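The values are calculated or read from the model by the stated rules, or taken from the named source; none is laboratory data. The structure displayed is predicted, hence computed values, not measured ones. Here the Cβ positions follow ideal geometry from the backbone for every residue, glycine too, while neighbour counts run over all protein chains shown. Protein only, heavy atoms only, side chains kept; ligands, DNA and RNA dropped before computing areas. Shrake-Rupley method; radii C 1.70, N 1.55, O 1.52, S 1.80 Å.
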Amino acid sequence: YRYIRNGKRQGKGVLEDYAFMLDLLISSYNYLGDKELLTKAIKISNYINSKFYDYKKGGYFLSEDGEGKLPQKIHDEYDSVYPSGNAMMIWNLERLKMLLETNDYDPYITGIKDRFSKSISRNPIGNISKIEYTLLSSKIYQLRGKNDQVKKSLQILRYPLNFIAFYDEDSELSICGDGKCQIVEKPEMILNYKYQIIY
């Protein structure tokens, strides 16, 4: 639900509510390494895919399947002062894909991009977050290592948009991407990868 008034829950959540909650869970897991957060993120992503995804035309609807008696279901299409639900889902699914090392999310990611490709061509400003997250997701790096090492490295970055943390007590601190891994000899090395070749 979107809010509570006089002790009563009201207003069913829409796509952006779920998409931003999913972003929060993934980002929190990234910093804290709490596997319960990742479990919740997977659960919410599965819910979004089952209740909001348009399996005929691709992309996500604004409201969930079976919600209300609307004459026509609409997609959460344009980015405004903040990203649309569909833009957030590109970013969420790209990170989950790398975290879980799976291709299961590819059909949904491709579906969003295909669904809005004409809209992006006609109106790039109205789809700016979709463009940004597509570019950003092409340069996501895995940061692997012991919990303390990874957390310390993330603090150096402050806001590691393009890093996914792998908490592995058996690994040396390393950065993986583009099909190769590099051991991090000094934490400052990580700064060389921040936002690399995104814009």
Problem set entry | Amide H contacts of Y60 (H built 1.01 Å from N, under 5 Å, at least 5 apart or other chain) | D54, D76
Problem set entry | Inter-label distance, nm, simple model (7 Å from Cα along the C-beta direction), N46/L191 | 4.2
For this session: For the stretch 25-41, take each phi angle, set θ = phi - 60°, evaluate the Karplus expression 6.51 cos²θ - 1.76 cosθ + 1.60, and give the result in whole Hz per residue in order, putting x for glycine and proline.
Result: 5, 5, 5, 5, 4, 4, 7, 9, x, 7, 5, 5, 5, 5, 4, 5, 4
For this session: Search the structure for amide H atoms under 5 Å from the amide H of S171, placed 1.01 Å from N in the peptide plane, and list their residues when 5 or more places away or on another chain.
Result: K146
Seminar exercise, completed: antiparallel share of DSSP beta bridges within the chain, to nearest 5, in %, is 70
Problem set entry | Of K139, K186, K43, the one that fluctuates the most in a GNM where the chain has Cα springs shorter than 10 Å | K186
Exercise. Can you list the residues, at least 5 places off or on another chain, whose amide H is less than 5 Å from the amide H of Y141, using H built in the peptide plane?
Worked result: F163, I164
Exercise. Along the charge dipole of the chain, Cβ charges K/R +1 and D/E -1, which of S63, S137, S121 sits furthest on the positive end?
Worked result: S63
Exercise. Taking all protein chains as present, what is the carbon and sulfur share of the accessible area of the stretch 75-132, in % to the nearest whole number, probe 1.4 Å?
Worked result: 53
Exercise. What accessible area per residue comes out for the chain, rounded to a whole number of Å², with a 1.4 Å probe?
Worked result: 58
For this session: Report P(r) for the chain: all Cα-Cα distances, bin width 10 Å, range 0 to the bin holding the largest distance, values in whole percent.
Result: 8, 33, 33, 19, 7, 1
Exercise. Considering the stretch 50-124, what Rg and Dmax in Å follow from its alpha-carbon atoms?
Worked result: 12.9, 40
Exercise. Hey, what do the phi angles of the stretch 101-108 turn into as Karplus ³J(HN,Hα) couplings, whole Hz, using 6.51/-1.76/1.60 and θ = phi - 60°, x for Gly and Pro?
Worked result: 6, 9, 9, 4, 8, 4, x, 6
Exercise. Roughly what would the spin-label model give for K35 and K152, points 7 Å off Cα along C-beta, in nm?
Worked result: 2.4
For this session: Work out from phi, with θ = phi - 60° and the Karplus expression 6.51 cos²θ - 1.76 cosθ + 1.60, the ³J(HN,Hα) of each residue of the stretch 122-127, listed in order in whole Hz, and give x for Gly and Pro.
Result: 6, 9, x, 5, x, 10
Problem set entry | Segments 165-174, 81-90 sorted - mean Cβ within 10 Å per residue, highest first | 81-90, 165-174
Exercise. If you place +1 on the Cβ of every Lys and Arg, -1 on the Cβ of every Asp and Glu, and leave all else neutral, what size is the dipole of the stretch 42-132 about its Cα centre, to the nearest 20 Debye?
Worked result: 240
For this session: Take each of the peptides 10-21, 120-131, average the number of other beta-carbon atoms within 10 Å over its residues, and list them starting from the highest.
Result: 10-21, 120-131
Exercise. When the chain is treated as a GNM, springs tying every alpha-carbon pair under 10 Å, which of I183, I42, I109 comes out with the largest mean-square fluctuation?
Worked result: I183
Exercise. List the lysines whose alpha-carbon lies under 29 Å from that of K12, not counting same-chain residues fewer than 8 positions away?
Worked result: K35, K40, K43, K51, K56, K57, K69, K73, K97, K113, K130
Exercise. Against the longest principal axis of the chain, how steep is helix 85-100, in degrees 0 to 90 to the nearest 10, with axes from Cα atoms?
Worked result: 40
Seminar exercise, completed: Relative to the chain, whose Cα atoms define the longest principal axis, helix 128-137 and its Cα axis are tilted in degrees, nearest 10, by 30
